Amino acid sequence: MTLRDMLDSHPRPTALDRDRLVRCIEACVECAATCTSCADADLAEPDVHELVRCIRLNLDCADVCDATGRILIRQTESDLGVLRAATVACALTCQTCAEECEKHAAHHEHCRICAEVCRACAKACGDLLATF
């Protein structure tokens, strides 16, 4: 069973582009997990005092991605304005987190990975927004 199967089985599916919707939800789930892991790895670094903003943005990004993915997966009586606002907020948060993680990527592999995942999620959000 996949996310697509669940969405396809819904009795009243959304009118949004299904492929872009699935990609965006999956990117949000992956980004939430990656940002949570990056924040945890940051806490274990000897230079943790230099990573405070990164940790904060990782945690913010994880929460926004989690909420956005959950909002987007709900098909019944969706409000396009709410979907748009959540997706815009997610794209912005991912972009901001990616920029911060990139500042530490040369010294911390987990930050490099997180920046890539955040950029991919921001792109998936942008791709979905283009269909609204």
How large is the dipole of the chain about the Cα centre if only Lys and Arg carry +1 and Asp and Glu carry -1, each at its Cβ, rounded to the nearest 20 debye?
520 debye
Per residue, how much accessible area does the chain have with a 1.4 Å probe, in Å²?
54 Å²
Env charge @ Leu7, Cβ radius under 14 Å, K,R +1 / D,E -1, value +2
Two pseudo-spin positions, 7 Å from Cα along C-beta at Gln75 and at Asp60, lie apart in nanometres by 3.4 nm
In degrees between 0 and 90, to the nearest 10, how far off the longest principal axis of the chain does helix 52-73 point, with axes built from Cα atoms?
10 degrees
What does the charge count near Cys65 come to, summing +1 for each Lys or Arg and -1 for each Asp or Glu among other residues with Cβ under 12 Å from its Cβ?
-4
Considering only protein heavy atoms and a probe of 1.4 Å, how much of the accessible area of the chain is carbon and sulfur, as a whole percent?
56 percent
Only four residue types carry charge here, +1 at the Cβ of Lys and Arg and -1 at the Cβ of Asp and Glu. Report the dipole size of the stretch 67-122 about the Cα centre in Debye, rounded to the nearest 20.
100 debye
With Cβ to Cβ distances under 12 Å as the rule, what net charge do the other residues near Asp19 carry (K, R +1; D, E -1)?
0
Residue-level accessible surface for Cys28, protein heavy atoms, 1.4 Å, Å²:
0 Å²
When the chain is fully extended, how far beyond the present Cα-Cα distance does Ser9 get from His49, taking 0.36 nm per residue of separation?
9.6 nm
Just name one of Ala106, Cys90, Val22: the one whose Cα is farthest towards the positive end of the charge dipole of the chain (beta-carbon charges, Lys/Arg +1, Asp/Glu -1).
Val22
Cα pair distances of the stretch 69-121 binned at 5 Å [whole percent]:
4, 21, 22, 15, 12, 11, 7, 5, 1, 0
In what sequence, highest mean first, do 5-13, 116-124 appear when ranked by Cβ atoms within 10 angstrom?
116-124, 5-13
With the Cα gyration tensor of the chain in hand, give its eigenvalues times 5 under a square root as the equivalent ellipsoid semi-axes, listed largest first in whole angstrom.
30, 13, 11
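The values are calculated or read from the model by the stated rules, or taken from the named source; none is laboratory data. If you're wondering where the values come from, they're calculated on a predicted model, not measured in any experiment. All Cβ positions, glycine included, derive from the backbone under ideal geometry; neighbour counts span all protein chains shown. These accessible areas exclude ligands, DNA and RNA; they are computed on the full protein's heavy atoms, side chains included. Shrake-Rupley method; radii C 1.70, N 1.55, O 1.52, S 1.80 Å.
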